[in-house]
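As C-alpha cells, the structure follows; a few thoughts come after it.
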Amino acid sequence: MASQSKWLPSSASADGLRLLTSRGLRGFADGAVSVLLPSYLTAIGFGSAQIGAIVFSTLLGSAALTLWVGLLSHRLGRRHVLLASAALMFLTGLGFALVTSFWLLLVVAFVGTLNPSVGDVSLFLPIEQSSLAESVVRSDLTSMFAVYNVAGAFAGALGALASGLPVAAAPSLGWTSAGAQRTGFFVYSAIAIVAGVVYWRLSPAVEGDNEAAKAAPLAKSRRVVIQLSALFSIDAFGGGFVVQSLLALWLFRRFNMSVATAGTFFFVAGLLGSLSQFVSARLAARFGRINTMVFTHLPASLFLILAAMMPNAKLAIAFLLLRSAVSSMDVPARQSYVMTVVPPEERAAAASVTNVPRSLASAFAPLPSGLMLEYSTFGWPLVCCGALKALYDILLLIQFRAHRAPDE
C-alpha cells in the first residue's frame, strides 16, 4: 500500500479501495440528479409542494430500507445487500426517467434509492460504513472515513457540475428541457451497473464476525447508540430543510438562477466540503472527535442563517460557500466515533440505527420546506436548518464531551 500512503491509511485493504470507488460512483450520480430533480419535476408540471412531497418520499423510503438492511445484513450478507441495492438503484433511475405521474413517482421515490441530498442518506450507507470499518485498523478509522466522504463529496461536486450539460446541449440536439434532463436519470441507472460490478469484487472479509452479530444486535451498546440517534435526528431534521434539491429550488425561485449556474455553485461547494474533511482527522486526533464535530458545525449553522438574509445572489452564495467550507468536517469524526464506541460485531446495526433516525427526521422536513417555498421566496428553510443544527451542537457537547472514544 506504499503508493497509496499519500491519501489512504497504510492499513487500508483492497476492499477499502473498492468501497471508496463505489462511494465515488454513487456520489457522482447523486450530485447530478439532486440538482436536476427540482428543475426536471418543475419542467413536467409539478409545484414546490409536490416536489417537497417527492423529496419526503425518497427520504422516508430510504429510512425504512436502511433500518431493515442494517439489522438483517448479518443474515443476508453485506455483499449480497450491496448488490441488491445496486440493482434497485438501476430500477430507480429508469423509474424517474419514464414515469411522469405524481402518485406513481411518489411510489418510485419511496421504494427507490434516489438521494436528494449532498450527503449520503441511502440504504448503501450502513453496509458500506460497517464494511469500511473492517478494511483498516481502529486508529485509522477517522482518516479512512475522511477519504470515503471526500470521494463521495468530490464526485458529487463533479456530478452537480455535470448536471447542466444536458440542458446546455438540448437546443443543438432538438430536445425539450424536460427531455434533456431526463437523460440524467438514465445515466444514474448506468452508474448503478458499474457500482454493482465493484461490489461483486468485494472479498468475504467485508462480512466481519457475523456469528457474533447474530447473538443480539446492540446488546452491549444499545444505550449510547440510542442517545446518539436522538441527537443525530435533531441535526438531520434541520438538514432536511435544505437538502440539495430544495436548496437548488430556493436558488431557482429566489434569484431566478439557471440549472448551469446552480450546478457550478454546487460543484464549488462540494469541493470545499470534500477537501475540508481531510482536516477532520487531524482535528479529531488533537482535540477529540466530539469537539471537532461541535466547533466546526456551529459556524456553519450561523453562515447558513446569514445566507438566508442576503438581498442578492452573490452575497447568499458567498455565505453558502463559507458554510460549505466547514459544515462537513464533523462527518468523518461522527462516523468514526460511532464505529469506535461500539463492538465490531455491532457496527452494522449501530450504523443503521444511528442513520435511520437521521433519514426519518430529514424526511419530514422537506414537506414544510416545500410549503415555505410555495408561499415565500425568503430563506425560511435555511433559517430553520441553521437554528436546529445549532441546538444539536450544544446538546451533543453537553451530553458527550466527557464520553471519549477508546483510542482518544
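Taken together, the values in this text are just the output of simple stated rules run on the coordinates, not laboratory data. Predicted model only: the values in this text are computed from it and were never measured. Cβ: placed from backbone, ideal geometry, glycine included. Neighbour counts: every protein chain shown.
Which longest uninterrupted range of the chain lacks any trypsin sites (Lys or Arg not before Pro) assigned by DSSP to a loop state (not H, G, I, E or B) and surrounded by at most 16 other Cβ atoms within 10 Å? The reported range is 7-200.
Highest mean first, how do 265-271, 351-357 rank when packing is the count of other Cβ atoms within 10 Å averaged over residues?
Result, highest mean Cβ count within 10 Å first: 351-357, 265-271.
Placing +1 on the Cβ of every Lys and Arg and -1 on the Cβ of every Asp and Glu, with no other charges, gives the chain a dipole of roughly 280 debye about its Cα centre. Packing, as the average of other Cβ atoms within 10 Å across residues, places the peptides 39-47, 299-307 in the order 299-307, 39-47, highest first. How far, in degrees from 0 to 90, does helix 141-162 lean away from the longest principal axis of the Cα atoms of the chain, to the nearest 10? Long axis of 141-162 versus the principal axis of the chain: about 10 degrees. Look at where the Cα atoms of the stretch 288-340 and of the stretch 34-70 average out, and the two centres are 24 Å apart. Comparing Asn115, Leu8, Ser34 along the charge dipole axis of the chain, the residue lying farthest to the positive side is Leu8, per the Cβ-charge model.
With all pairs of separate Cα atoms included, the chain yields a Kirkwood hydrodynamic radius of 20.9 Å.
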